[in-house]
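Here the structure comes first, spelled out in structure tokens, and everything after it is commentary.
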Amino acid sequence: MSTLLEVRGLNVSFDAVRVVHDIDLTLERGETLGIVGETGSGKSVSSSALMGLLPVPPARVRAATLSFDGRSLLRGNELDLRAVGRERGRGMAMIFQDPSSALNPLFTIGDVLMAVIRRHRKLRGTALRTCAVELLEAVGLPSPSHILDSYPHQLSGGMKQRTAIAMTLAAKPSLLIADEPTTALDATVATQVLALLADLQRESGVAMLFISHDLGVVSRVCSRVAVMYAGRIVEEAPVDTLFRAPSHPYTRGLFAARPHLRLPSMLGERRVEHHERRALLAIPGSVPTPAQLPAGCAFHPRCYHATADCNARVPVLETLPTPPQALTGHSELHPARVACFHPVLNAPPQGD
Amino acid sequence: MAAMPKAPRVSAQWRNVGRIVARRLGLSVFLLIGITTMTFVLSHVVPGDPVATMLGDRGTPREIARMRSQLGLDRPLPLQYASYLWNLAHLRLGTSIRTRRPVLKDLADYFPATLELSTCALLLSLALGIPLGIASALRRDRPLDHAARLFSLGGVSMPVFWLALVLLALCYGRWDILPAGGRLSDFTLPPPHVTGLLLVDSLLANDWVAFRDAAWHLIAPSICLGYLTTATLARQVRAQMLEVLNQDYIRMARGLGLSEPVVILKYALKNAMLPVITVIGLSYGSLLSGAVLTETIFSWPGIGRYAVGSSISLDFPALMGVTLLIAVLYGVVNLCVDLLYLVLDPRIRDGAAREIE
């Protein structure tokens, strides 16, 4: 495998307010990386920034390194919109959260889909239409030729998201950025679309950056997960490691806040006895606004493990000294990288 | 699995379109009835006796009475109204008191000049306002945008008569590059009358001298009349474009690697123009009816000047004719706008979005 996307020190600010702080991301070809975090953690902003889709004033995107497929997307240390523009579509494509707003209401599905095919596959005439029909079939849509002549408002939410996926596939991207692609859909439809994305990823070997606030969804599609909080990556680990031994207090909080997946004891031994087993735990407080970040570790006001040094310095992302298999008894777990002065190292109880 | 698409069948769609058009036409009928009643009432309650004005100092009371009964002005109002409607239905608009010609003939003579001028002004503002609005939105808050907004501010706030006088003073008075007024120079032979639109008639007659002369005469009044509309359009297009460029479907189109001209001029512009079409329709309506000042200053023999002349001499049949014509024009333009929505917006075609009221 070779590196497809390399990001070092990505910063995004709106006017003078920084919303993404020094993010590092590396994505191999064909790899799937999930980015998880609450609303406002900067996950969608980072991905839009990579695609060059933020309105450039007021947004400002800077990085130390930003290379895609071996080509730098920077001019100086600013994002080069021209260079990103060249990568869009065939290089990287994006699926949006709300398919109802992501499809142009005044044009038929076929109009846009075939425009993408014409641009990236240089097909004309019947071959063009055949290709469009095949793409719609590939995303599991019934009567594709009928859908080609339909307008977005004539389709259901799930069908709209499938056509949006077909449009991105038409460009044959090597990186697919999916920004909460199932959040706006009904639960059953979301499951189908998720399965479709996982299948397509396996078949085509496209690398994927999957953004979600839902750990469960991410675990079904991704091999590696980065957890974001207040514009920083606070923990990054292979999915197995993250699920067996989440180390950042925030990550543990996310697991505890998920219904029926982990026990409340995951928050740490100090809290165990105060809670009913299987109780749903919310993380106290809320995500700080980017303009008023707490000093030091941004999570410390909400953290049960916080000590005095947490509000003095910002912790950096470091590989954990203790190999996780020592904690969980599982072999072959790769260590996580955590940005925390007091990572939670006790083994969470196994078996829900 | 997803069900069959909910797309209405083609026949159902056409039935829907037919229903909307029929309803829209039905509304126009009511509009017409309302307008005719209004014009009739207004012109018959204003003080002033048209017959006295007509006969002037020479009118003895007897002559005035004779004239009144000749014109039917001595009959009770409901009867006058009924016969007015009856004549209207047969396209008899009455005889102008001032020109002593059938009003319909007068309108046919004066209206083409206004139509030609207003259409040129509208085309000018479309050609300038839309690109200006797009460029302004794309270069938001940069020098070009500021310049365009200043230009628009001028257009919305500068009085037409002042702009007209400045244009005349400079282009005719100082540099002598444009004519002082009128539709043709004195020494140019008008082309044979077909439509009354000089540009069209001269083209039909293959008379390039007349065409050039007519176009030359149209420049200053078109600029004058079209500036406000250009400014309004530029502002509207800019605002709509900024809104549309922020939409997910535009970010999606860009994210799919479609070229910027295609994204802007095809996918964004169509969405942005949707609300602007209404503005264009209204502007055209007001251009057709509101050219009075421009026509007066450029001695343009159009409907605006005819209306002014008629109101000075209390020429009720003529005034009613003009009012009716303008109302009908507004109706027609609005109808066209509504039909255009049916063509452009599939949601309205399907009855999925709010219907046009």
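Just one of (1) at pLDDT below 85; (2) in a strand (DSSP E or B) fails for A:Val84. It is (2).
Which residues, counting only those in region A:73-97, are farther than 19 Å from B:Glu260 by Cβ and in contact with a Ser or Thr (Cβ under 8 Å, 6 or more places away or on another chain)? Once the filter is applied, which keeps residues that are farther than 19 Å from B:Glu260 by Cβ and in contact with a Ser or Thr (Cβ under 8 Å, 6 or more places away or on another chain), region A:73-97 yields A:Leu74, A:Ile95, A:Gln97.
Table: residues versus (1) free of Cβ contacts under 8 Å to residues at least 12 places away in the same chain; (2) more than 30 Å from A:Leu113 (Cβ to Cβ); (3) assigned to a helix (DSSP H, G or I); (4) in contact with a helix residue (DSSP H, G or I) (Cβ under 8 Å, 6 or more places away or on another chain).
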| position | (1), (2), (3), (4) |
| --- | --- |
| B:Trp216 | no, yes, yes, no |
| B:Ala220 | no, yes, yes, yes |
| B:Ile223 | no, yes, yes, yes |
| B:Gln240 | no, no, yes, yes |
| B:Ile250 | no, no, yes, yes |
| B:Ala253 | no, no, yes, yes |
| B:Val263 | no, no, yes, yes |
| B:Ile280 | no, yes, yes, yes |
| B:Ser283 | no, yes, yes, yes |
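For B:Tyr341, are the conditions met, namely being more than 18 Å from the chain's Cα centre (by Cα) and in a helix (DSSP H, G or I)? So B:Tyr341 fits the description; yes. Residue count for region B:285-309, restricted to those that are under 16 Å from the mean Cα position of the chain (by Cα) and without any contact (Cβ under 8 Å) to a residue 60 or more places away in the chain: 6. Does B:Asp345 meet the test of being away from chain A (no Cβ under 13 Å) and among the acidic types (Asp, Glu)? No: the conditions fail for B:Asp345. Any residue at all in region A:55-74 that's surrounded by 24 or more Cβ atoms within 10 Å (Cβ to Cβ), not in a strand (DSSP E or B) and not hydrophobic (A, V, I, L, M, F, W, C)? Looking through region A:55-74, none of the residues is surrounded by 24 or more Cβ atoms within 10 Å (Cβ to Cβ), not in a strand (DSSP E or B) and not hydrophobic (A, V, I, L, M, F, W, C). I'd like to know if region A:313-335 contains one or more residues that are modelled with pLDDT under 60, of a type in the set (D, E, K, R) and surrounded by fewer than 16 Cβ atoms within 10 Å (Cβ to Cβ). Among the residues of region A:313-335, not one is modelled with pLDDT under 60, of a type in the set (D, E, K, R) and surrounded by fewer than 16 Cβ atoms within 10 Å (Cβ to Cβ), which makes the answer no.
Checking the structure you have, find out if any residue of region A:55-63 is within 13 Å of chain B (Cβ to nearest Cβ) and within 23 Å of A:Met167 (Cβ to Cβ). Looking through region A:55-63, at least one residue is within 13 Å of chain B (Cβ to nearest Cβ) and within 23 Å of A:Met167 (Cβ to Cβ). Once region B:260-294 is narrowed to residues that are open to solvent by less than 30 Å² (accessible area, probe 1.4 Å) and not hydrophobic (A, V, I, L, M, F, W, C), the residue that is farthest from B:Leu165 (Cα to Cα) is B:Tyr267. The residues listed here are A:Thr251, A:Thr241, A:Thr182; of these, the one that is within 24 Å of A:Val314 (Cβ to Cβ), hydroxyl-bearing (Ser, Thr, Tyr), at pLDDT below 85 and in contact with a Ser or Thr (Cβ under 9 Å, 6 or more places away or on another chain) is A:Thr241.
Take the conditions touching a strand residue (DSSP E or B) at 6+ places or on another chain (Cβ under 7 Å), away from chain B (no Cβ under 14 Å) and surrounded by fewer than 18 Cβ atoms within 10 Å (Cβ to Cβ) and apply them to A:Thr39. Does it pass? No: the conditions fail for A:Thr39.
Across region A:181-211, what is the total count of residues that are in contact with a strand residue (DSSP E or B) (Cβ under 6 Å, 6 or more places away or on another chain) and open to solvent by less than 20 Å² (accessible area, probe 1.4 Å)?
7
For region B:3-38, which positions are open to solvent by less than 30 Å² (accessible area, probe 1.4 Å) and modelled with pLDDT under 80? If the condition is that a residue be open to solvent by less than 30 Å² (accessible area, probe 1.4 Å) and modelled with pLDDT under 80, then B:Pro5, B:Ala7, B:Asn16 are the ones that fit. Checking each residue in region B:248-262 for being under 33 Å from the mean Cα position of the chain (by Cα) and within 10 Å of chain A (Cβ to nearest Cβ) picks out only B:Val262.
Taking region A:285-325 as the range and being in contact with a helix residue (DSSP H, G or I) (Cβ under 7 Å, 6 or more places away or on another chain) and touching a residue at least 60 places away in the same chain (Cβ under 8 Å) as the test, the residues that pass are A:Phe299, A:Pro324.
For region B:295-333, the tally of residues that are outside any helix (DSSP H, G or I) and open to solvent by less than 20 Å² (accessible area, probe 1.4 Å) stands at 4. The residues on offer are A:Ala164, A:Ala93, A:Ala178, and the sole one that is more than 10 Å from chain B (Cβ to nearest Cβ) and either under 17 Å from B:Tyr249 (Cβ atoms) or crowded, with 21+ Cβ neighbours inside 10 Å (or both) is A:Ala178. Taken over region A:105-124, the criterion of being part of a loop (DSSP other than H, G, I, E, B), open to solvent by 10 Å² or more (accessible area, probe 1.4 Å) and within 9 Å of another protein chain (Cβ to nearest Cβ) is satisfied by A:Pro105, A:Phe107, A:Thr108.
Any residue that is out of contact with any helix residue (DSSP H, G or I) (no Cβ under 7 Å at 6 or more places or on another chain) and not in a helix (DSSP H, G or I) - is there at least one of those in region B:129-150? Yes: one or more hits.
Kindly evaluate B:Leu274 against the criterion of being touching a residue at least 40 places away in the same chain (Cβ under 8 Å), within 14 Å of chain A (Cβ to nearest Cβ) and assigned to a helix (DSSP H, G or I). Answer is yes for this residue.
The values are calculated or read from the model by the stated rules, or taken from the named source; none is laboratory data. These figures come from a predicted structure and were not determined experimentally. All Cβ positions, glycine included, derive from the backbone under ideal geometry; neighbour counts span all protein chains shown. Note: areas computed on protein heavy atoms with side chains; ligands, DNA, RNA excluded. Shrake-Rupley method; radii C 1.70, N 1.55, O 1.52, S 1.80 Å.
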